[in-house]
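A.B. asks: Quick one: the structure is below, questions incoming.
The values are calculated or read from the model by the stated rules, or taken from the named source; none is laboratory data. This structure is a prediction, so every number in the text was calculated from the model and none was measured. With ideal geometry, Cβ positions are generated from the backbone for all residues, glycine too; neighbour counts draw on all protein chains shown. In case anyone asks, the SASA skips ligands and DNA or RNA and just uses the protein heavy atoms, side chains included. Shrake-Rupley method; radii C 1.70, N 1.55, O 1.52, S 1.80 Å.
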Amino acid sequence: MSPILEKLAPPKNAIIKAVGNHWVTLVAPIIFFLFTWGICIMLFVLSRDIYETDYLMSLGIFVVTSWVLVIANHIFFIFMFKWIQSLLLITSKDVIDFDVIPLVRYDVGIIGFYGIQEMEEQIHGFLGKILNYGDIYMHVVWHPTVREFKYVPDPVGFISLVETLKKKMDIEKDSK
Amino acid sequence: MPLWVFLGFIIQTILSLMIMIWVEVDVSHIVESQKQYVGEENIRFVTPFSLQLFRLLYLLVVILFPWLMLLIFNSFPQ
């Protein structure tokens, strides 16, 4: 932050809770990663087997496979960083939404409690019920579209907390 | 090892390192930007232990992977 902004900036709101995406979103990248490694190991074994009979083919398989693995490694780690860095932060006055993918996306949304008109949660599917995750939709004043947060762990708890903080803020505002 | 395989291997390693540095720089930028929203006192929310661990793992995988490939290649019968 620039020194001028640092001087002007009011103190930050206290963070009540940080909510990341549910771990279930990691299942697909992990399966993709393990599957790619599995296939590539099989191809390595194949290239080793044909090394003496078809030297060029063996080298070709080895080179292509190593390129595929390099790309798979990078994709896997980018997904891990996305999972760790995408956050919903509930502060005492607003909800800050970080939706990021390294090299690809950086979206930040600050939704003040005063602007939240309505919230709804949707828990769909067997896994969603068992593992307790779902989607949250926020209707925000003057915002043309509905804000959507996917794969939020414990969406009921999230909405209850935001509702409680919103009510608390309203009471404090009325008492002034 | 034929020369073309060796050259391809070197290019692959350099490219991989470049991508790793690029991603790492972007991850640092994201953390810095997130810090501005949450403040210095709440840094732990945007730089959790898991982030530091995966940054280290990423570095290790990118550095060790070419050597693993070389090891596999050299284990082939000559």
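A.B. asks: Just one of the numbered conditions (1) closer than 22 Å to B:ILE14 by Cβ; (2) in contact (Cβ under 8 Å) with a residue 24 or more places away in the chain is not true of A:TRP83; which one?
C.D. replies: All conditions are met except number (1).
A.B. asks: For A:TRP67, are the conditions met, namely being open to solvent by 20 Å² or more (accessible area, probe 1.4 Å), touching a residue at least 60 places away in the same chain (Cβ under 8 Å) and within 10 Å of chain B (Cβ to nearest Cβ)?
C.D. replies: Judged against the criteria, A:TRP67 is not a match.
A.B. asks: Looking for whichever is assigned to a helix (DSSP H, G or I) and either touching a residue at least 24 places away in the same chain (Cβ under 8 Å) or open to solvent by less than 20 Å² (accessible area, probe 1.4 Å) (or both) here; the options are A:ILE41, A:ILE78. Which one fits?
C.D. replies: A:ILE78
A.B. asks: Let me ask something else about it. For the stretch A:137-165, give me each residue that is open to solvent by less than 40 Å² (accessible area, probe 1.4 Å), part of a helix (DSSP H, G or I) and touching a residue at least 24 places away in the same chain (Cβ under 8 Å).
C.D. replies: A:PRO155, A:PHE158, A:ILE159, A:VAL162, A:LEU165
A.B. asks: A further question follows. Out of the residues in the stretch A:94-112 meeting the condition of being open to solvent by 10 Å² or more (accessible area, probe 1.4 Å) and not aliphatic (A, V, I, L, M), tell me which one is farthest from the other protein chains (Cβ to nearest Cβ).
C.D. replies: My answer is A:GLY112.
A.B. asks: Still on this model: Quick one: B:LEU57 ticks every box in (1) within 8 Å of chain A (Cβ to nearest Cβ); (2) open to solvent by 90 Å² or more (accessible area, probe 1.4 Å) except a single one, so which number is it?
C.D. replies: (2)
A.B. asks: Within the stretch A:44-54, which residues are within 9 Å of another protein chain (Cβ to nearest Cβ) and either at pLDDT below 85 or open to solvent by 80 Å² or more (accessible area, probe 1.4 Å) (or both)?
C.D. replies: Selection gives A:ARG48, A:TYR51, A:GLU52.
A.B. asks: For the stretch A:102-122, which residues satisfy the criterion of being under 16 Å from A:LYS150 (Cα atoms) and in contact with a helix residue (DSSP H, G or I) (Cβ under 6 Å, 6 or more places away or on another chain)?
C.D. replies: A:MET119, A:GLU121
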